[in-house]
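Novice: Take this structure first; my questions come after.
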Amino acid sequence: MTTTSQLHRYLKVLGLEEKTLQVGEGTYRGIYATRPFRAGEDVFPKGEQQQPMASVLCHEERQERCGECLRLGNDSLQRCGGCRQVWYCGVGCQRRAWKEHHGVMCRGPLAELEMSGPSKTEGELVRRTMLALERPDDSRREWPGLEKEAFLRLDTHWEAQGSQERTEARALARWIMATRALGSSSTMGTTGSSEEEEEIMGHVFRLRSSAFAPADLQCFPYAAMSSYPARGALLNHSCRPTSVALWDGGNGQVVRVMEDMEVGEEMTLSYVDPCLNGPDRRKALGLQYHFTCECSRCLEEKEGETGVNGNGALTKKGIQEMSEMISKDDDLLNGLYMVWSREHFEDWRRETVQRVCRISRGEGSEVLFLVSRWVPGWTREFERALDDSEWEVALTYALLLLLIYLLIYPRRHPIVLLQWLTVCKCATQMARGMGREYDRGKILSLALRSLHLVQSSLPISLCEADPEVRELRRQVQGLAEDLDDLSTGS
Ligand SMILES: [Zn+2]
Ligand SMILES: [Zn+2]
Ligand SMILES: [Zn+2]
């Protein structure tokens with residue numbers, strides 16, 4: 001278990017302690033803001049500490065991404081001539097991989113021992129983690145040593161592991177012990193003892209409750225597993241998280257603050273998808289992370305105070321809140337008023353609330369009923385409008401979908417921001433095709449606001465490197481200049 005004093009040291013080595021973050025008092029470990037944070041800021045510094053301690057690309061993805069840095073290959077990946085099972089983006093990645101793990105794994109273990117499915121990926125992650133643990137410390141730098149220590153301090157939850165978990169972990173440990181024997185010419189360091197087996201099982205359990213699945217810019221996981229024991233894994237869980245873990249296009253982890261934060265607030269991540277309903281979230285947290293969540297959202301749900309009650313159905317108060325939330329969101333309202341009149345919008349809002357009331361009373365609804373009821377239909381309408389270049393219709397559906405995402409995810413969750421980006425695209429297209437200058441100005445201001453929200457909160461790689469976003473920014477700026485010219489009468 002990581003203690004408070006160890007967390008202090010991690011933060012100090014990261015250059016963070018006191019300036020920006022501090023560790024909570026008492027036995028409850030956690031990381032707190034010591035200065036205000038703005039939405040879109042990064043919690044940890046950039047640099048070598050962003051890289052995972054160990055990382056494995058799933059077997060099915062091997063011809064798509066570099067096996068070392070996980071970046072997309074674009075047809076230029078080079079296959080390892082030894083095992084012919086791993087692909088790299090270039091010599092740099094291949095050399096690093098060889099030095100750190102592949103030199104041991106290449107011919108023997110990978111080629112000769114076949115394990116299919118996800119357990120092979122897991123087995124490789126455990127093996128690479130062990131190789132990282134065995135690497136000698138660098139006397140000039142504290143970081144790699146500290147990362148190792150952070151990993152070994154992670155809880156194995158040994159007592160809480162069920163018999164199936166133990167059986168799986170034991171099978172993995174035996175596979176690793178066999179690969180170790182194959183990988184070295186002697187059996188040095190390989191005792192094959194039950195102590196060794198238990199030690200490896202401990203690593204399996206530590207990784208199961210701390211490894212991350214890196215995701216691309218659209219928030220789809222890469223089918224890889226990566227471990228960041230002294231970075232993202234230091235943050236506690238909340239079902240109403242303050243921060244989100246993102247990746248820089250490869251396996252470099254970025255932990256980004258989603259809402260403005262006050263001094264003294266705790267930095268948290270959600271270990272499970274926050275769109276799951278309460279019972280599903282708590283079940284997943286119990287099975288994989290071995291704790292009962294008592295975050296503010298879970299407590300409110302148990303009391304029936306938030307949007308959903310313990311069974312996942314919307315409560316009366318939840319409906320009220322949803323209705324109020326829609327009325328208070330300035331950006332969203334401005335967008336909706338642009339495509340609808342205020343009266344039309346108010347009618348729609350009343351009808352929506354009534355519909356929600358009807359649905360939540362009958363049919364034992366889930367919180368995800370919003371998604372299952374409306375999202376597929378709205379998405380179909382949105383796509384049809386896109387195909388027909390009906391930008392006003394497309395914008396309306398993009399805003400409606402945004403509304404649903406806002407009910408499920410925190411305000412600046414990447415899923416929400418990606419939807420804002422869609423709103424921006426539709427608004428830009430609509431403004432371009434419009435003749436009436438007054439409306440064009442309103443639509444354009446929605447596009448500008450959307451682009452600004454996205455740029456200030458999404459990963460840098462998306463905003464700076466994504467050609468689509470660069471092009472969009474150019475278009476929005478071009479439209480804004482046109483409009484300036486018109487309004488000044490030139
Ligand atoms: Zn690479
Ligand atoms: Zn190889
Ligand atoms: Zn919770």
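The values are calculated or read from the model by the stated rules, or taken from the named source; none is laboratory data. Remember, it's a predicted structure, so these values are computed and weren't measured experimentally. Because the Cβ atoms are built from the backbone with ideal geometry, glycine has one as well, and the counts that use them run over all protein chains shown.
Novice: Would you mind stating whether residue 145 is surrounded by fewer than 16 Cβ atoms within 10 Å (Cβ to Cβ), modelled with pLDDT under 85, within 26 Å of residue 11 (Cα to Cα) and of a type outside the set (Lys, Arg)?
Specialist: yes
Novice: With the checklist (1) modelled with pLDDT under 90; (2) assigned to a loop (DSSP other than H, G, I, E, B); (3) more than 16 Å from ligand 2 (Cβ to nearest atom) in hand, flag the one item residue 60 doesn't pass.
Specialist: (2)
Novice: If you don't mind, another one. Show me the strands (runs of 3 or more DSSP E) entirely contained within the stretch 200-295 in which 2 or more residues are modelled with pLDDT of 90 or more and within 14 Å of ligand 3 (Cβ to nearest atom).
Specialist: The strands (runs of 3 or more DSSP E) meeting that bar number zero.
Novice: Any idea which of (1) more than 10 Å from ligand 1 (Cβ to nearest atom); (2) part of a helix (DSSP H, G or I); (3) of a type in the set (Lys, Arg) is the one residue 84 doesn't satisfy?
Specialist: It fails just one condition, (2).
Novice: Here's something else I'd like to know. Of everything in the stretch 128-162, what is more than 19 Å from residue 172 (Cα to Cα) and of a type in the set (Ser, Thr, Tyr)? Give them in sequence order.
Specialist: The one that is more than 19 Å from residue 172 (Cα to Cα) and of a type in the set (Ser, Thr, Tyr): 139.
Novice: Taking the residues in the stretch 28-57 that are of a type in the set (Phe, Trp, Tyr) and part of a strand (DSSP E or B) as candidates, determine which candidate is farthest from residue 72 (Cα to Cα).
Specialist: Among those that are of a type in the set (Phe, Trp, Tyr) and part of a strand (DSSP E or B), it is 32.
Novice: Only residues in the stretch 65-77 that are in the same structural domain as residue 101 (by TED's automatic domain parsing) and assigned to a loop (DSSP other than H, G, I, E, B) count as the first member; pair them with residues that are away from ligand 3 (no atom under 16 Å from the Cβ) and among the β-branched types (Val, Ile, Thr), Cβ under 6 angstrom, at least 6 apart or cross-chain, and list the lot.
Specialist: From residues that are in the same structural domain as residue 101 (by TED's automatic domain parsing) and assigned to a loop (DSSP other than H, G, I, E, B), the pairs are 67/86.
Novice: Examine the stretch 41-57 for a residue that is farther than 30 Å from residue 170 by Cβ, modelled with pLDDT of 85 or more, more than 16 Å from ligand 1 (Cβ to nearest atom) and touching a Leu at 6+ places or on another chain (Cβ under 8 Å), and state whether such a residue exists.
Specialist: Within the stretch 41-57 (the criterion being farther than 30 Å from residue 170 by Cβ, modelled with pLDDT of 85 or more, more than 16 Å from ligand 1 (Cβ to nearest atom) and touching a Leu at 6+ places or on another chain (Cβ under 8 Å)), the answer is yes, since at least one residue qualifies.
Novice: Check whether at least one residue in the stretch 75-96 is at pLDDT below 85, farther than 21 Å from residue 126 by Cα and more than 13 Å from ligand 2 (Cβ to nearest atom), and report yes or no.
Specialist: Yes, the conditions are met somewhere in the stretch 75-96.
Novice: Follow-up. Could you tell me whether the stretch 218-226 includes any residue that is free of Cβ contacts under 8 Å to residues at least 40 places away in the same chain and in contact with a strand residue (DSSP E or B) (Cβ under 9 Å, 6 or more places away or on another chain)?
Specialist: Yes: one or more hits.
Novice: Let me ask something additional. Check whether at least one residue in the stretch 403-410 is assigned to a helix (DSSP H, G or I), at pLDDT 80 or above and under 29 Å from residue 278 (Cβ atoms), and report yes or no.
Specialist: no
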